[in-house]
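Engineer: Have a look at this one.
The values are calculated or read from the model by the stated rules, or taken from the named source; none is laboratory data. Predicted model, so just to flag it, every value in this text is computed and none were measured. Quick reminder, even Gly has a Cβ in these numbers, built from the backbone with ideal geometry, and neighbours come from all protein chains shown. Note: areas computed on protein heavy atoms with side chains; ligands, DNA, RNA excluded. Shrake-Rupley method; radii C 1.70, N 1.55, O 1.52, S 1.80 Å.
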Amino acid sequence: MRSFNYHKPDTVDGVVSLLAGNENASVIAGGMTLLPTMKQRLAAPDDLVDISGVAGLAGVSMDGDMLVIGAMTRHADVAESEIVREKLPALAKLASRIGDQQVRHRGTIGGSISNNDPAADYPAAVLGLNAEIVTDKRTIPADEFFVAMFETALEPGEIVTAIRFPLPELAAYAKFPNPASRYAMAGVFVAKTGDGVRVAVTGAGPGVFRASDIEAALAESFDAGALDRISIDASELMSDIHADNEYRAHLVMVMARRAVGMALDAG
Amino acid sequence: MEISFVLNDEPVTVNVDPSTLLSDLVREQLSLTGTHVGCDTSQCGACVVHLNGDSVKSCTLLAVSVDGGDVRTVEGLSTNDKDLHPMQQAFRDNHGLQCGFCTPGMLMSAIDLVKHNPDPSEAEIREWLEGNICRCTGYQNIVKSIIAGAAAMRAAS
């Protein structure tokens, strides 16, 4: 790993001022993606700004009808949170299956969504649940946040401070993990609310996306059978050594049916 | 940078470059070579230590980030060869190792598991060991050892 200057500010303002105008600065949260990337020299920041010392960025709370999770909340803490388990069990379950336990003890929700890995789990929940991403400057709706592979609507120097989740009537996440990395080869988050049905797919495409045909079918009838005659277009899905795009398209439908069944069972 | 933390119940203060990994600090600078570096890509789990009581992979952790924290390595499980930690004794009794390279990480993960779940089933143990790879594929006796170690830890508490 190339050497760098290490900073550990204790306020959001301190973080923002260190990042301002410094194109070669990186924020480090849990470091579960950034450190391996730096070890491979795919990233070589001159300045590393550690946000783990900023008070108030970690924790789970309810704000009216919204579940609020601080950006620095670790996957293990989301998985074990009594509030998340009661109010949004699908999210607690998703968090409990990210990576392995040691990764879950370091990795954070803010880091995961800011990185926007096309096979990460959290982006599916954030998009599927129509969450709001709170930054140091503004609030960004999930539909606008995930732009492309490893790219978000965050501006240079802008950091996520919390994610606000509206509570669905029914929700579940089903993923087919790569057996080695545990990243999703296809992961589908389904959520039914008073406004309709949202379905977000991760792992299969170049970035998380909403599956509109699946949403429309489930809006008609929220049961797995409603998806029997639906398929998704494989042409824009990913192919790699683990699975080609046709296989991923098939997996998406299998995971979608499974998620609907889980949501109905849990509800 | 100067950092201070508790290592195996003893306070330590060391100077490290910010790019130093915790695994390198404990092995190279502090000569505690029980923590192994297998893959160096946070997949194999041979480098697992406890940070503030949680199992973490020390090859993917900056040493500077443990400043002010509490770190335990496999050397901190017992003070002498005769008085092993119940989990170490269980690995010994059940031959929970073949070449032994993954064993320090297996022990540290297993103890963290029992902290979360004092009476884990075989399935729960296998799921928890997701982040620990035994390239001898000696999982059968590792799982047996952890079942016995968990029972011994329950009896001791």
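Engineer: Inspect all residues belonging to the stretch B:17-24 and state whether any of them is at pLDDT 95 or above, within 9 Å of another protein chain (Cβ to nearest Cβ), surrounded by 21 or more Cβ atoms within 10 Å (Cβ to Cβ) and closer than 21 Å to A:GLY30 by Cβ.
Structural biologist: Yes, some residue in the stretch B:17-24 is at pLDDT 95 or above, within 9 Å of another protein chain (Cβ to nearest Cβ), surrounded by 21 or more Cβ atoms within 10 Å (Cβ to Cβ) and closer than 21 Å to A:GLY30 by Cβ.
Engineer: (1) at the interface with chain A (Cβ under 10 Å from one of its Cβ atoms); (2) under 12 Å from the mean Cα position of the chain (by Cα): which one isn't true of B:ASP67, the others all being true?
Structural biologist: Going through the list (1) at the interface with chain A (Cβ under 10 Å from one of its Cβ atoms); (2) under 12 Å from the mean Cα position of the chain (by Cα), B:ASP67 breaks only (2).
Engineer: Of everything in the stretch B:25-46 that's open to solvent by 40 Å² or more (accessible area, probe 1.4 Å) and small (Gly, Ala, Ser), which residue is farthest from the other protein chains (Cβ to nearest Cβ)?
Structural biologist: B:SER31
Engineer: What are the residues in the stretch A:223-250 that are outside any helix (DSSP H, G or I), among the aliphatic types (A, V, I, L, M) and surrounded by 12 or more Cβ atoms within 10 Å (Cβ to Cβ), if any? Reasoning before the result, please.
Structural biologist: Step one: of the stretch A:223-250, the residues outside any helix (DSSP H, G or I) are A:223, A:228-233, A:237-244.
Restricting the remaining residues to those that are among the aliphatic types (A, V, I, L, M) gives A:230, A:232, A:237-238, A:241, A:243.
Correct list: A:ILE230, A:ILE232, A:LEU237, A:MET238, A:ALA243.
Engineer: Scanning the stretch A:1-18 for residues that are among the hydroxyl-bearing types (Ser, Thr, Tyr) and within 17 Å of A:GLU158 (Cβ to Cβ), which turns out nearest to the other protein chains (Cβ to nearest Cβ)? I'd like the intermediate steps shown before the answer.
Structural biologist: Just the residues of the stretch A:1-18 that are among the hydroxyl-bearing types (Ser, Thr, Tyr), to begin with: A:3, A:6, A:11, A:17.
Next, only the ones that are within 17 Å of A:GLU158 (Cβ to Cβ) stay: A:11, A:17.
Details: A:THR11: 18, A:SER17: 19 Å.
Once the filter is applied, the top-ranked residue is A:THR11.
Engineer: Tell me the helices (runs of 4 or more DSSP H) entirely within the stretch A:48-114 that contain at least 2 residues that are crowded, with 24+ Cβ neighbours inside 10 Å. Show your work before the answer.
Structural biologist: Details: elements: A:75-80, A:82-87, A:89-96, A:101-104.
Per the criteria, A:75-80, A:89-96, A:101-104.
Engineer: Then there is this: All but one of (1) under 30 Å from A:PHE4 (Cβ atoms); (2) open to solvent by 10 Å² or more (accessible area, probe 1.4 Å); (3) away from chain A (no Cβ under 14 Å); (4) under 13 Å from the mean Cα position of the chain (by Cα) hold for B:THR103; which doesn't?
Structural biologist: B:THR103 satisfies every listed condition except (1).
Engineer: Cβ-Cβ distance below 6 Å, separation of 6 or more or different chains: which pairs start in the stretch B:121-150 with a residue that is within 14 Å of chain A (Cβ to nearest Cβ) and more than 15 Å from B:ALA90 (Cα to Cα) and end on one that is outside any loop (DSSP other than H, G, I, E, B) and not polar (S, T, N, Q)?
Structural biologist: Close Cβ pairs satisfying both conditions: B:TRP128/B:LEU113; B:ASN132/B:GLY105; B:ASN132/B:MET106.
Engineer: Name the single residue, out of those in the stretch A:204-222 being surrounded by fewer than 21 Cβ atoms within 10 Å (Cβ to Cβ) and under 11 Å from A:VAL188 (Cα atoms), that is nearest to the chain's Cα centre (by Cα).
Structural biologist: Filtering first and then ranking leaves A:PHE209.
Engineer: Could you please tell me which pairs satisfy a Cβ distance under 8 Å, a separation of 6+ or placement on different chains, a first residue in the stretch A:19-33 that is within 11 Å of A:PRO156 (Cα to Cα) and in a loop (DSSP other than H, G, I, E, B), and a second residue that is of a type outside the set (Gly, Ala, Ser) and open to solvent by 40 Å² or more (accessible area, probe 1.4 Å)?
Structural biologist: Cβ pairs passing all conditions: A:ASN22/A:ASP46; A:GLU23/A:PRO156; A:ASN24/A:ASP46.
Engineer: From the list A:ALA76, A:ALA92, which residue is more than 14 Å from chain B (Cβ to nearest Cβ) and under 17 Å from the mean Cα position of the chain (by Cα)? Spell out how you get there, then give the answer.
Structural biologist: Numbers: A:ALA76 fails: more than 14 Å from chain B (Cβ to nearest Cβ).
Only one candidate passes the filter, namely A:ALA92.
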